[in-house]
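Data first, discussion second: the structure below is written as structure tokens.
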Amino acid sequence: MTVIASNLQAVNRAVAQAARTAQRRAEEVALLAVSKTFPATAVREAFQAGQRAFGESYVQEALGKIGELRDLALEWHFIGPIQSNKTRSIAENFAWVHGVDRLKIAERLSAQRPQNLPPLNVCLQVNVSGEDSKSGVAPAEVTELAQAVARLPHLRLRGLMAIPAPADDLSEQRKPFARLRELMRQLNAQGLELDTLSMGMSHDMEAAVLEGATIVRVGTAIFGERNYGEK
Ligand SMILES: *Cc1c(COP(=O)(O)O)cnc(C)c1O
């Protein structure tokens, strides 16, 4: 078994164990393998080990891999910051976008989504842990943004995403995730039909699953440490 295959197995086991602890079914939690900075060969290896959904943060880098891996039935998720001059490439090449935090960006993605593709699945990024993160809509503003995004024709608003400030302690890690879950509950009580909580990374995926994550975005624990210098 390759290192990537055995890492994937360990991550899937950890997620299933956390789901059991939370009295959830393991199938309620999807694993998004974050392949940014890793080559197409690493993605292919993960695919051969059964992984289908991959997350990328840099548009140019992602387009190269998407092109190289056209022969595989992969589901691509864009999880990075979204610049307005990149929305067309994102709308044309991805199935999901996790980091939408402005209406302007959502409007462009909807307008630029090719008509022959299904609606682009969207999560709104929420700034649930305050100061230190510069991206994400403020919790007080998420309702207004969600209502507006839900009306756009070529997007399908699926849920919320967060990247909380790192914390070491499990109970500290759980707090922002619980907050995100509560925000989604409130939006659904207002008539939206959201089914996705995109939360949890290598260091806090268990905490996220305990608080209801339906997608965990895991890079390092699958592919190893990233080396941005050699990208
Ligand atoms: C890089 C990245 C991840 C994966 O982080 P790891 O700590 O390597 O698991 C998850 N989500 C987002 C938005 C990222 O940019």
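The values are calculated or read from the model by the stated rules, or taken from the named source; none is laboratory data. Everything numeric in this text was worked out from a predicted model, so none of it was measured. We place every Cβ from the backbone using ideal geometry, glycine too, and count neighbours over all the protein chains shown. All accessible areas refer to the heavy atoms of the entire protein, side chains included, with ligands and DNA or RNA removed. Shrake-Rupley method; radii C 1.70, N 1.55, O 1.52, S 1.80 Å.
Miscellaneous remarks
- Excluding ligands, DNA and RNA, the accessible surface per residue across the chain is 48 Å² with a 1.4 Å probe.
- Judged by the mean number of other Cβ atoms found within 10 Å, the most tightly packed of the peptides 34-40, 164-170, 141-147, 205-211 leads the ranking 205-211, 34-40, 141-147, 164-170.
- Radius ratio Rg over Rh of the chain, counting only Cα atoms, Kirkwood formula for Rh: 0.94
- The distance from the alpha carbon centre of the stretch 59-78 to that of the stretch 162-209 is 27 Å, rounded to a whole number.
- Using the Cβ-Cβ distance between residue 102 and residue 28 with R0 set to 35 Å, the FRET efficiency from 1/(1 + (r/R0)^6) comes to roughly 0.75.
- Angstrom value of the Kirkwood radius, inverse mean 1/r, which spans all Cα pairs in the stretch 174-231: 12.7 Å
- Carbon + sulfur, % of accessible area of the chain - ligands and nucleic acids excluded, 1.4 Å: 48 percent
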